[in-house]
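The values are calculated or read from the model by the stated rules, or taken from the named source; none is laboratory data. Owing to the predicted nature of the structure, the values given are computational and were not obtained by experimental measurement. Counting neighbours? That spans all protein chains shown, and the Cβs are built from the backbone with ideal geometry, glycine included. Surface areas here come from the heavy atoms of the whole protein model, side chains and all, with no ligands, DNA or RNA. Shrake-Rupley method; radii C 1.70, N 1.55, O 1.52, S 1.80 Å.
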Amino acid sequence: MKKLDINQEALELMQKHAEATYPNECVGFFYGKEDDTIRFIEQAVEVPNSKEGDQRRRFEVHPKDYMKAERYALENDTTLLGVYHSHPEHPAIPSEHDLKVAQPFFSYIIVSVKGGKSVRVRSWQLNETNVFEEEIIG
Amino acid sequence: MAKIIIPTPLRKFTQNQASFEGNGSTVGATIENLTETYPDIKQHLLDENGKLRNFVRVYIGDEDIKALQNEATEVKDDSVISIVPAIAGGSL
């Protein structure tokens with residue numbers, strides 16, 4: 001797995017978003033570039049959680065918001081590197097549900113929020129055998 | 001030929017091409033043309049019965065093909081087909 005280098009502004013945006021939507025889950029995309037060993041996350045962008053009903057344990061991105069994100073990457077010569085979301089009152093570890101819908105290539109950043117405060121940020125990516133492996137942030 | 005926009009996570013199966021000009025008179029046939037050209041992408045788009053996987057949505061322009069005729073939806077030469085992976089999850 002590659003290392004993740006997250007721009008401070010992008011990291012703070014994800015943490016603040018996770019705290020602002022607490023006790024619901026938040027979601028967003030992030031963009032940047034990568035070389036052979038490091039993914040550089042340069043920008044994070046909030047996306048509405050389109051999950052109908054209870055959002056405390058679920059998030060969903062509307063397909064049109066996804067298409068918009070792909071278009072943004074193409075127009076700005078950047079790469080859509082993955083998705084962040086929050087786990088209110090749960091650890092920053094992917095759930096079975098996260099695994100079921102995970103895409104190859106994307107980094108999945110999870111922000112664990114306890115009592116409304118962001119306490120842990122971890123990132124995961126599917127390996128060749130479709131198992132999540134942690135990507136080291138730093 | 002209609003254009004298929006390949007989502008970023010699946011571009012490693014299309015030699016990093018962001019789009020594909022496909023032959024076919026329907027969405028299904030155009031996607032089949034894509035999977036014949038890049039066989040490794042097939043398992044990410046279609047199930048064992050050759051139907052679109054549950055976690056994949058397909059749009060023509062701004063319209064979900066589910067609101068049209070699904071895979072039988074006709075395409076024109078200037079149609080833009082977007083493959084949209086489901087982005088969802090949650091803590092439990």
Taking the criterion of being over 25 Å from A:ILE136 (Cα atoms) and out of contact with any helix residue (DSSP H, G or I) (no Cβ under 6 Å at 6 or more places or on another chain), would at least one residue in region A:23-42 satisfy it? yes
Here the residues within region A:61-78 that are at the interface with chain B (Cβ under 7 Å from one of its Cβ atoms) and hydroxyl-bearing (Ser, Thr, Tyr) are A:TYR66
The lone exception for A:ASN127 - which of (1) within 19 Å of B:HIS44 (Cβ to Cβ); (2) within 12 Å of chain B (Cβ to nearest Cβ) it fails: (2)
Counting only residues that are acidic (Asp, Glu) and surrounded by fewer than 18 Cβ atoms within 10 Å (Cβ to Cβ), which one in region A:66-78 is farthest from A:PHE106 (Cα to Cα)? A:GLU75
Residues being open to solvent by 10 Å² or more (accessible area, probe 1.4 Å) and in contact with a helix residue (DSSP H, G or I) (Cβ under 8 Å, 6 or more places away or on another chain): count how many of those fall in region A:79-99. 1
Open to solvent by 10 Å² or more (accessible area, probe 1.4 Å), more than 9 Å from chain B (Cβ to nearest Cβ), under 21 Å from B:SER19 (Cβ atoms) and polar (S, T, N, Q) - does that describe any residue in region A:27-50? no
Considering only residues of region A:100-124 that are open to solvent by less than 20 Å² (accessible area, probe 1.4 Å), aliphatic (A, V, I, L, M) and more than 8 Å from chain B (Cβ to nearest Cβ), which is nearest to B:PRO85 (Cα to Cα)? A:ILE109
When you look at A:ARG58, is it buried (at least 22 other Cβ atoms within 10 Å of the Cβ) and either touching a Lys or Arg at 6+ places or on another chain (Cβ under 7 Å) or more than 12 Å from every other protein chain (Cβ to nearest Cβ) (or both), yes or no? no
